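Let me begin by presenting the structure, written as structure tokens, before commenting on it.
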Amino acid sequence: MHVESDPAAFREKLLSWYDQNRRDLPWRKDRDPYRVWVSEIMLQQTRVAAVLPKYQSFLQRFPSVQKLAAARTPSVLSEWSGLGYYRRARNLHATAKIIARAGKFPQTSEAWRALPGIGRYTAAAISSIAFNEPVAVVDGNVERVLRRVSGRNQSTAKSWKTAQALLDPRRPGDFNQAIMELGATVCVPGEPLCAVCPIQSFCTAQGRDRTLPRKPRQQKRKIAFALALSNGSVRLVRRSSIQTLMPGMWELPRSDVRRKPLFSLKHSITTTDYDVRVISALTADGVPVRISRVPQLALTGLARKILCRAGVI
């Protein structure tokens, strides 16, 4: 059966599966636009497992858009630490101020797209889930499902058109979450779980996706940082506010990678895998910061990882 010949049956099978098998995720407890919006920004380029603990703590610190709007930027970045892509946090904060001034949330995808850091996918996800707007989403998971169902690569424009044609207009938010959930848990990269797929009868691929281009190989790089502790303080360096990557964030001073490490760890950022060496030092660049104050700083994810591993925080 081809999906375009019976989209109603496709929707019914997908939504029935979703109703019975969807993951119990905290942002699905209700359709509060604040919670939906925060979750969608956090989930951009970040795995669900990494978002779960940060989502809960972020909402405890900033339980409403008004609280987030009134917060200082370093406080927002500090709470975001560990999720990476810190521009998302800055855009989230900027958008909170706009919404707080307006006194209400946008209710259409077009209005959401006018706000900082919100593109077509995020706008559609928020408006369909929180406000039931009948607009489809297309992310990597959805593209994979559509590609396997059709058995061919589709342009981005074609994927959006197909997703919109399949969308259930009565339950657009649930349909969007269902097709993304399918891609995340069943129609996965590599070897999909076809035996338990609710839309198997519509799929032309029936197995490994051979149309998917290979991912670029990860680069390998060694890097070292100095851990200088003295009198209840640790030396830290603040990144320049004009740097492209993580501006204004705090990190440990760099060190000589050839020195014997106190310990080592692995860390990945986009396409680079880092072999990180932490060197014990009596002194280093930067400024001494009281250890009791460190957890409240806007630390880079790697700095927080190192300090946790060292038992400093």
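The values are calculated or read from the model by the stated rules, or taken from the named source; none is laboratory data. All values derive from a computational prediction rather than experimental measurement. A quick note on method: Cβ atoms are made from the backbone with ideal geometry, for glycine too, and the neighbour counts reach across all protein chains shown.
Working carefully through the options 279, 291, 269, find the one that is in contact (Cβ under 8 Å) with a residue 40 or more places away in the chain and under 21 Å from residue 219 (Cβ atoms).
Just one listed residue meets the conditions, 269.
Return a yes/no flag: does region 131-149 have any residue that is more than 30 Å from residue 192 (Cα to Cα), surrounded by fewer than 19 Cβ atoms within 10 Å (Cβ to Cβ) and within 17 Å of the chain's Cα centre (by Cα).
So far as region 131-149 goes, no, none of its residues is more than 30 Å from residue 192 (Cα to Cα), surrounded by fewer than 19 Cβ atoms within 10 Å (Cβ to Cβ) and within 17 Å of the chain's Cα centre (by Cα).
Please determine whether any residue of region 86-100 is in contact (Cβ under 8 Å) with a residue 60 or more places away in the chain and loosely packed, with under 15 Cβ neighbours inside 10 Å.
Looking for residues that are in contact (Cβ under 8 Å) with a residue 60 or more places away in the chain and loosely packed, with under 15 Cβ neighbours inside 10 Å, one finds none in region 86-100, hence no.
Mind checking whether some residue in region 74-91 is more than 21 Å from residue 302 (Cβ to Cβ) and of a type outside the set (Val, Ile, Thr)?
Yes, region 74-91 has at least one match.
Any residue at all in region 63-74 that is on the phi < 0 side of the Ramachandran plot, touching a Ser or Thr at 6+ places or on another chain (Cβ under 8 Å) and in the same structural domain as residue 179 (by TED's automatic domain parsing)?
No, region 63-74 contains no residue that is on the phi < 0 side of the Ramachandran plot, touching a Ser or Thr at 6+ places or on another chain (Cβ under 8 Å) and in the same structural domain as residue 179 (by TED's automatic domain parsing).
Is it true that some residue in region 23-32 is touching a residue at least 60 places away in the same chain (Cβ under 8 Å), within 24 Å of residue 127 (Cβ to Cβ), assigned by TED's automatic domain parsing to the domain that holds residue 137 and loosely packed, with under 13 Cβ neighbours inside 10 Å?
Within region 23-32, one or more residues are touching a residue at least 60 places away in the same chain (Cβ under 8 Å), within 24 Å of residue 127 (Cβ to Cβ), assigned by TED's automatic domain parsing to the domain that holds residue 137 and loosely packed, with under 13 Cβ neighbours inside 10 Å.
Just one of the numbered conditions (1) surrounded by 11 or more Cβ atoms within 10 Å (Cβ to Cβ); (2) in the same structural domain as residue 181 (by TED's automatic domain parsing) is not true of residue 195; which one?
It is condition (1) that residue 195 fails.
Collect the residues in region 255-264 that are surrounded by 15 or more Cβ atoms within 10 Å (Cβ to Cβ) and either among the hydroxyl-bearing types (Ser, Thr, Tyr) or touching a helix residue (DSSP H, G or I) at 6+ places or on another chain (Cβ under 6 Å) (or both), keeping them in residue-number order.
Of everything in region 255-264, just one residue is surrounded by 15 or more Cβ atoms within 10 Å (Cβ to Cβ) and either among the hydroxyl-bearing types (Ser, Thr, Tyr) or touching a helix residue (DSSP H, G or I) at 6+ places or on another chain (Cβ under 6 Å) (or both), namely 255.
Name the strands (runs of 3 or more DSSP E) wholly inside region 226-313 in which the number of residues that are among the hydroxyl-bearing types (Ser, Thr, Tyr) is 2 or more.
Per the criteria, 263-269, 272-281.
Would you please list the contacts, defined by Cβ atoms under 6 Å and residues six or more apart or on different chains, that run from a residue in region 121-136 that is in contact (Cβ under 8 Å) with a residue 60 or more places away in the chain to a residue that is of a type in the set (Val, Ile, Thr)?
Sorted first by the residue in region 121-136, then by its partner, the pairs are 125/137; 126/36; 129/36; 130/36.
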